[in-house]
């Protein structure tokens, strides 16, 4: 894969009316901890038709999912995977899309969406997860990198202490 | 069940990057207040900032091992001083970034990521 274009990836999803909230490295960067990230993490709305549309966009972008020895590349197979509630790392022409669902410590879409911040970029509106939710998920993940990120978030957002 | 949350990081490259005070037009946005000492950069300035971060990261990656091997007490003390100063600068920069509109930071994160991938790819091709 060449260098990712996560902005174009996000725009394509929004233009296709896929409902999602951005979490992970891009959300962290949005809140002031700017660093590189390997993929674009999103929590999708769980409605089957939303997941189907997500799979449609992914397939249009040449998306495929490596599952053990299997390589899922068709819209139908990706949609089936997403509908099963599994997390899916979809490699697309515009970069890796990590569709996060069913993970312990990751808040459900409805909760994330309720407090997400809408950001206007390239004539579309992108939902970025709220700072408190980002902190909650980072705490739950608890990896060394997450703890560093939490510390950096505190430095970037000193007015909003950890709860 | 897996517990990892997304956001797999590339190596942090902004750690010791300095940010010269940018000039430009202030813009409204979450957490942004007119009169703040940090002004959101234009796209061109954002690129320049990303470049500075990138170069700082490169310097770190190239110099990191060498700095760690410094032997004498005096040099170690000097190094600790650098580390302390670097950490202070890093936290100041984080605080400044935290005050910028989310969209500015989002674009910069995306831009920085792209540059890092391009750099990695060109390094692979050069080998």
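The values are calculated or read from the model by the stated rules, or taken from the named source; none is laboratory data. Remember, predicted model here, so these are calculated numbers, not experimental data. Methodologically, a virtual Cβ is constructed for each residue, glycine included, from the backbone with ideal geometry; neighbour enumeration extends over all protein chains shown.
Mind checking which strands (runs of 3 or more DSSP E) fall wholly inside the stretch A:83-139 and carry at least 2 residues that are within 11 Å of another protein chain (Cβ to nearest Cβ)?
A:95-99, A:117-121, A:124-128
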Subject >> Failed criterion for residue A:62 (all others in (1) within 29 Å of residue B:122 (Cα to Cα); (2) crowded, with 16+ Cβ neighbours inside 10 Å; (3) in contact (Cβ under 8 Å) with a residue 24 or more places away in the chain hold) >> reply: (2)
**OP:** Provide a single number: the residues in the stretch B:100-127 that are in contact with a strand residue (DSSP E or B) (Cβ under 8 Å, 6 or more places away or on another chain) and within 15 Å of residue A:25 (Cα to Cα).
**Re:** 7
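Which of the residues that make up the stretch A:14-53 are closer than 17 Å to residue A:125 by Cβ and crowded, with 24+ Cβ neighbours inside 10 Å? Outline the logic, then answer.
Residues of the stretch A:14-53 that are closer than 17 Å to residue A:125 by Cβ, as a first pass: A:14-23, A:26-27, A:30, A:40, A:42-45, A:50, A:53.
Correct list: A:20, A:21, A:22, A:23, A:26, A:27, A:30, A:40, A:42, A:43.
Counting just the residues of the stretch A:1-11 that are surrounded by fewer than 20 Cβ atoms within 10 Å (Cβ to Cβ) and part of a helix (DSSP H, G or I), which one comes out nearest to the other protein chains (Cβ to nearest Cβ)? Before you say what the answer is, go through the steps one by one.
Residues of the stretch A:1-11 surrounded by fewer than 20 Cβ atoms within 10 Å (Cβ to Cβ): A:1-3, A:5, A:8, A:11.
Then drop every residue that is not part of a helix (DSSP H, G or I), which leaves A:8, A:11.
Numbers: A:8: 9, A:11: 11 Å.
Within the stretch A:1-11, the match that is nearest to the other protein chains (Cβ to nearest Cβ) is A:8.
So how many residues does the stretch A:143-152 have that are touching a residue at least 12 places away in the same chain (Cβ under 8 Å) and farther than 13 Å from residue A:24 by Cβ?
From the stretch A:143-152, those touching a residue at least 12 places away in the same chain (Cβ under 8 Å) are A:149-150, A:152; that's our starting set.
Within this subset, residues satisfying the condition of being farther than 13 Å from residue A:24 by Cβ are A:150, A:152.
Of the residues in that region, 2 qualify.
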Subject >> Single residue of A:18, A:22, A:34 found to be in a loop (DSSP other than H, G, I, E, B), within 9 Å of chain B (Cβ to nearest Cβ) and at pLDDT 95 or above >> reply: A:34
**OP:** Please specify each residue of the stretch B:103-127 satisfying the condition of being more than 7 Å from chain A (Cβ to nearest Cβ), farther than 19 Å from residue A:21 by Cα and in contact (Cβ under 8 Å) with a residue 60 or more places away in the chain.
**Re:** B:111, B:115, B:119
